């Protein structure tokens, strides 16, 4: 069985599992009040795109939950069921835009490389996602339902707590592997025949599936009972199917997120 077919099987299994586990759990119903978090984040990225500069952007942040339901900036709709104290499964909708022009309010916008002249910017995708969390381990699969990339992807990660002090201060690290099928790789990094432009070095490129590996370090610092500061540093090693693209010229990329949250 190919990895593509396996991801579809896993996706279907998680959906069925989430639907068949009783939705009303005693533990879930203990907290049926609204939990609202609002804030802002700065995103500084050093990407693998050809001749790209470091960019810093400002984005809004929200995380609203009630019972089993959660709504946030990355997952507009998410439903999670707790099977027991260690295991939970979830399903929902999420958005993805991994293109070279996917930024919010850019504070230091710089000209793009000529390599992207007259190159169509990929549209934002709407994903149907499902996953499970078991202790430190998380596993999720996603499928584009917006008819943009028509891609399947899968992510497995291990979130390891390093320091957990009083008043909520914590430091953790996350190791993850992200698999993307060829539809994803070609949607963002491929060059179709009608996009070829040899004068700027944009040659034809068609790729296979890819696996990226990530290492993140997350620090959470409660300022007081209402305010929380969070920082996340991420290093990503890119698959050769991605960095061999004429649209890329680096084998890795880095990201720093600084987040300030207010809890209602």
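Where a number appears in this text, it was derived from the coordinates with a stated rule and is not lab data. Fair warning: this is a prediction, and the values are worked out from it, not measured in the lab. Every residue, glycine as well, gets a Cβ built from its backbone with ideal geometry; the counts of neighbours run over all protein chains shown.
Quote to one decimal, in nm, the extra length available between residue 51 and residue 177 on full extension: 0.36 nm per residue of separation minus the C-alpha distance between them.
Taking residue 51 through residue 177 to full extension adds about 42.8 nm, to one decimal.
Using 1/(1 + (r/R0)^6) with R0 = 41 angstrom and r between the beta carbons of residue 121 and residue 85, what's the FRET efficiency to the nearest 0.05?
Efficiency computed from Cβ-Cβ geometry: 0.40.
Can you compute the helix-only [θ] at 222 nm over the chain? Use -39500 (n - 2.57) per DSSP H run of at least 4 residues, normalise by all residues, nearest 500 deg cm²/dmol.
-3500 deg cm²/dmol
May I ask you to compute the full-extension gain from residue 37 to residue 74, defined as 0.36 nm times their residue separation minus their alpha-carbon distance, rounded to one decimal in nm?
11.9 nm
Which whole-number percent is the relative contact order of the chain (Cα, under 8 Å, 6+ apart)?
18 percent
Mind sorting out which of [x] 19.7, 64; [y] 28.2, 94; [z] 22.9, 86 is the real Rg and Dmax of the Cα atoms in Å computed from the coordinates?
Checked against the structure: label [x].
If we count other beta carbons within 10 Å of each Cβ, what is the order of 100, 189, 243, fewest first?
243, 100, 189
Quick check: Cα centre of the range 58-74 to Cα centre of the range 186-259, how many Å?
23 Å
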